[in-house]
Amino acid sequence: MPELPEVETVRRGLAPVMEGARIVRVEQRRANLRTPFPTRFAERLEGATVTALSRRAKYLLVDLSTDEVLIAHLGMSGSFRIRLPETGTTPGEFHIPRDRSAAHDHVVLHLEGPGAPAGTTVTYNDPRRFGFMDLVAREGLAAHASLSGLGIEPLGNELSAEHLASLFRDKVAPLKAALLDQRLVAGLGNIYVCEALWRAGLAPTFPAGGTVTATGRPSSKLAALAGAIREVLEEAVAAGGSSLRDHRRTDGELGYFQHNFAVYDREGEPCARPGCVGVVDRIVQSGRSTFFCPSCQRRPSGS
């Protein structure tokens, strides 16, 4: 599933074309994705102008002049493809061919605007159909079922060692499970949690509450983790994401952060930390592969 950096990459790729553009026509080619499309979906979109394109966790939010917001989630294999009339093709070169079957092009937006000359289209393609789209009144956005229970944004100002300490205190769940809990920190996924824990030198199996002192203060390792989360996400966004399996940027290019992985998908390889003689191991936690170095990722000192 695309993680926060991949979704942010998609948002940045779509924004120059979609923001300020009017949705001239909508082709809705099926009744549902993971869930049914909203009632009169195409009709409600047509004629609306996109006033802003933002992101909340792994959700894309398209603000419309009709005071509604289009919520889009990419699921496992969803992607957006931009087609500009002057080129007649999707911008960028595809390193790995993308599925272009019309059967998997489920929604086509025909746009006109400052960055979208007449004939521009944005197509949502999703072979597995695990993504979804919904339309909700802007005033009810925060109460939407997909957004109401989300935790803090890991790239926002709320992420700090102190805030993590308040979230993790007394929690016996493993650190990795706590970080993947979208009710605590929204948008983190398997890849970047593995990488952040490695950077902070913390074992993924260590109880989350063990990173908090008896007085409720964050340990030095938890402070390092807060910085590592922000650092790894910012680097991944700058690199355009990781493009594992189905993720592609909107211009068709692969993201390149996967070349910087220290532990993820590197089972059996030497640890990349200078001076460490450990070997990357893989375990399964809650059905997901966890990659870490048993030699340098340990419990916090004093815990």
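The values are calculated or read from the model by the stated rules, or taken from the named source; none is laboratory data. Keep in mind the model is a prediction, meaning the values are calculated, not measured. As a convention, Cβ positions derive from the backbone with ideal geometry for all residues, glycine included, and neighbour counts pool all protein chains shown.
Some points to look at:
- Once segment 147-172 is narrowed to residues that are over 14 Å from R230 (Cα atoms) and among the acidic types (D, E), the residue that is surrounded by the most Cβ atoms within 10 Å (Cβ to Cβ) is E162.
- Hits in segment 4-56 - residues which are in a loop (DSSP other than H, G, I, E, B), within 17 Å of F132 (Cβ to Cβ) and in contact (Cβ under 8 Å) with a residue 40 or more places away in the chain: R29, R30, L33, R34, T35, F37, P38
- Odd one out for V136 among (1) in contact with a His (Cβ under 9 Å, 6 or more places away or on another chain); (2) part of a loop (DSSP other than H, G, I, E, B); (3) of a type in the set (A, V, I, L, M): (2)
- The residue of segment 47-66 that is nearest to the chain's Cα centre (by Cα), among those that are surrounded by fewer than 16 Cβ atoms within 10 Å (Cβ to Cβ) and of a type outside the set (S, T, N, Q), is A52.
- Residue-level check: of (1) in a loop (DSSP other than H, G, I, E, B); (2) in contact with a helix residue (DSSP H, G or I) (Cβ under 6 Å, 6 or more places away or on another chain); (3) at pLDDT below 95, P204 misses just (3).
Here is a yes/no grid of residues against (1) basic (K, R); (2) in the same structural domain as S79 (by TED's automatic domain parsing); (3) at pLDDT 95 or above:
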| site | (1), (2), (3) |
| --- | --- |
| L184 | no, no, yes |
| L188 | no, no, no |
| Y192 | no, no, no |
| W198 | no, no, yes |
| A214 | no, no, no |
| R248 | yes, no, no |
| L254 | no, no, no |
| E267 | no, no, yes |
| C276 | no, no, yes |
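- If you go through segment 130-156 and pick out every residue that is among the aromatic types (F, W, Y) and touching a Gly at 6+ places or on another chain (Cβ under 6 Å), you end up with 1.
- The one condition in (1) buried (at least 24 other Cβ atoms within 10 Å of the Cβ); (2) modelled with pLDDT of 95 or more; (3) among the hydrophobic types (A, V, I, L, M, F, W, C) that A228 fails to fulfil: (1)
- Matching residues, segment 140-156, being of a type in the set (A, V, I, L, M) and in contact (Cβ under 8 Å) with a residue 24 or more places away in the chain: L141, L147, L150, I152, L155
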